[in-house]
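Let me begin by presenting the structure, written as structure tokens, before commenting on it.
The values are calculated or read from the model by the stated rules, or taken from the named source; none is laboratory data. What you see is a predicted model, and the numbers here were worked out from it, not measured in a lab. Here the Cβ positions follow ideal geometry from the backbone for every residue, glycine too, while neighbour counts run over all protein chains shown. In case anyone asks, the SASA skips ligands and DNA or RNA and just uses the protein heavy atoms, side chains included. Shrake-Rupley method; radii C 1.70, N 1.55, O 1.52, S 1.80 Å.
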Amino acid sequence: MSGKNVLLTGSKKGIGLAIYDELKSRGYRVFGCGRSKSDDNDYLSIDLSDPKNAKTLYDCAKETMGSVDILINNAGIYIYSPIENTKQNELIELVNLNFITPQLLCSYAVSDMKKNMWGRIINIGSISGSVGEANASAYSAAKAGLLGLAKSLALELAPYNITVNQINPGWVDTKLSDEALDDEEKREILDIIPQRRFIEPYEIAKLCSYLISDDAKGLTGQGINLCAGLSCGA
Ligand code: NAD
């Protein structure tokens, strides 16, 4: 599949870094972005919680690579807070980064993908969006919104050979989960995960690699819970 160009948000850490490494090793060109700085020509340091920056990022990726054939919306933040304690500015930052910017990036990418009659879009959601999570209502709502976006776009874009899917991880071993949980909370969570483990970032990267391959051309409009069994119920 070399020759295809990928725009990946949040590429320098955690799940995004694992996706970056996997796709590079398979011969894709990957334009990354995030908040950290880098000298890499295929990278832009940008704040995606400002929706105006979505166009800047898309144009930069397209100009640098010539095309964006595959879009992976991965960058995201998590807020653990009862709804009455969630501040309005935090809510707006989260919804902008986790939902509005991905929707805008889709809108820019789709015009080009339609012309090429081929494209792949993957959102990194969360099982919080598919089953809900107490004290994470803003996060869960944004991820559920992203799933609605994926399903609707899958229908809208099916005639153009563009597939749109969402991977919903359970707890993954990254900085995000490390900062969100103390040791005691991690132990409690491990007790309720059927496989008694966190997902490793590479597992999500391998699924991305499959979803963008031609073998997965019939898989569209799906939310796939990659969660070590956590979303299956007690
Ligand atoms: P992480 O904190 O390790 O990495 C987040 C990435 O997003 C970084 O590359 C960072 O630069 C980028 N980012 C954050 N804020 C940004 C901003 N304002 N502008 C531009 N980029 C920004 O997180 P992760 O665990 O790798 O999470 C990646 C995705 O997976 C997120 O969408 C997250 O919601 C989702 N997810 C994570 C877990 C988990 O347990 N770690 C579980 C379910 C879903």
Nearest-0.05 FRET efficiency for ASN41 and GLU90 at R0 = 30 Å, using Cβ-Cβ distance, is 0.35
Each label sits 7 Å from Cα toward the beta-carbon; between ARG197 and SER25 the label points are separated, in nm, by 1.6
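Which trypsin sites (Lys or Arg not before Pro) in region 28-80 sit in a loop by DSSP (not H, G, I, E or B) and have at most 15 other Cβ atoms within 10 Å of their own Cβ? Don't skip to the answer; put the middle values down first.
Details: sites: ARG29, ARG35, LYS37, LYS52, LYS55, LYS62; in loops: ARG35, LYS37, LYS52.
When the trypsin sites (Lys or Arg not before Pro) of region 28-80 are filtered for loop state and at most 15 Cβ neighbours within 10 Å, ARG35, LYS37, LYS52 remain.
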So ASP178 and ASP50, fully extended at 0.36 nm per residue minus their Cα-Cα distance, gain in nm 43.6 nm
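Once you've got the Cα coordinates, tell me which of LYS12/LYS206; LYS4/LYS206; LYS87/LYS186; LYS143/LYS175; LYS115/LYS175; LYS13/LYS114 are over 28 Å apart. Present the calculation step by step, with values, prior to reporting the outcome.
Numbers: LYS12/LYS206 17 Å; LYS4/LYS206 17 Å; LYS87/LYS186 26 Å; LYS143/LYS175 19 Å; LYS115/LYS175 38 Å; LYS13/LYS114 31 Å.
Violating the 28 Å limit, Cα to Cα: LYS115/LYS175; LYS13/LYS114.
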Sorted on mean Cβ neighbours within 10 Å (highest first), peptides 147-154, 213-220, 21-28 come out as 147-154, 21-28, 213-220
Phi-derived 3J(HN,Hα) across region 149-160 with the Karplus relation (6.51, -1.76, 1.60, θ = phi - 60°), rounded Hz, x for Gly and Pro, is 4, 4, 5, 5, 5, 4, 5, 5, 9, 3, x, 9
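For PHE198, PHE99, PHE31, give me the order by solvent-accessible area with a 1.4 Å probe, most accessible first, ignoring ligands, DNA and RNA.
Numbers: PHE198 25, PHE99 50, PHE31 0 Å².
Ranked list, largest accessible area first: PHE99, PHE198, PHE31.
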Under a Gaussian network model of the chain whose springs join Cα atoms within less than 10 Å, the largest fluctuation of LEU190, LEU71, LEU105 belongs to LEU190
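Given the -39500 (n - 2.57) contribution per DSSP H run of 4+ residues, what per-residue ellipticity at 222 nm results for the chain, rounded to the nearest 500 deg cm²/dmol?
Values: 9 runs with 102 residues, N = 234.
Taking each H run of at least 4 residues, the total per residue is -13500 deg cm²/dmol.
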With the label point 7 Å along the Cα-to-beta-carbon line of LYS186 and a cut-off under 15 Å to each amide N, the hits in region 1-22 are none
Amide H proximity to ILE162 below 5 Å, modelled H, separation 5+ or other chain, gives GLY119
Which residues qualify? For GLY223, with a placed amide H closer than 5 Å and at least 5 residues away or on another chain, they are GLN166
In region 42-193, taking the dipole from +1 charges on Lys and Arg beta carbons and -1 charges on Asp and Glu beta carbons about the Cα centre, the listed residue (SER81, ILE162, GLY145) farthest towards the positive end is ILE162
Measure of exposure for CYS232: accessible area at 1.4 Å probe, Å² rounded to 10, is 110
In whole Hz, the Karplus estimates of ³J(HN,Hα) for region 39-49 (6.51, -1.76, 1.60; θ = phi - 60°; x where Gly or Pro) are 8, 4, 5, 8, 8, 10, 7, 7, 9, 8, 7
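Percent of accessible area on the chain owned by carbon and sulfur, 1.4 Å probe?
Numbers: 5600 of 11020 Å².
Carbon-and-sulfur percentage of accessible area, whole number: 51.
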Here region 211-223 yields Karplus 3J(HN,Hα) values (6.51, -1.76, 1.60; θ = phi - 60°; whole Hz; Gly and Pro given as x) of 5, 8, 7, 5, 4, 9, 4, x, 9, 8, x, 10, x
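Could you do me a favour and compute the accessible area per residue for region 9-142, 1.4 Å probe, result in Å²? Walk me through the numbers on the way to the answer.
Values: 6020 Å² over 134 residues.
Dividing the accessible area of region 9-142 by its residue count gives 45 Å².
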Spelling it out for LEU44: with amide H atoms placed in the peptide plane at 1.01 Å from N, the residues 5 or more places away or on another chain with amide H under 5 Å from its amide H are GLY32, CYS33, GLY34
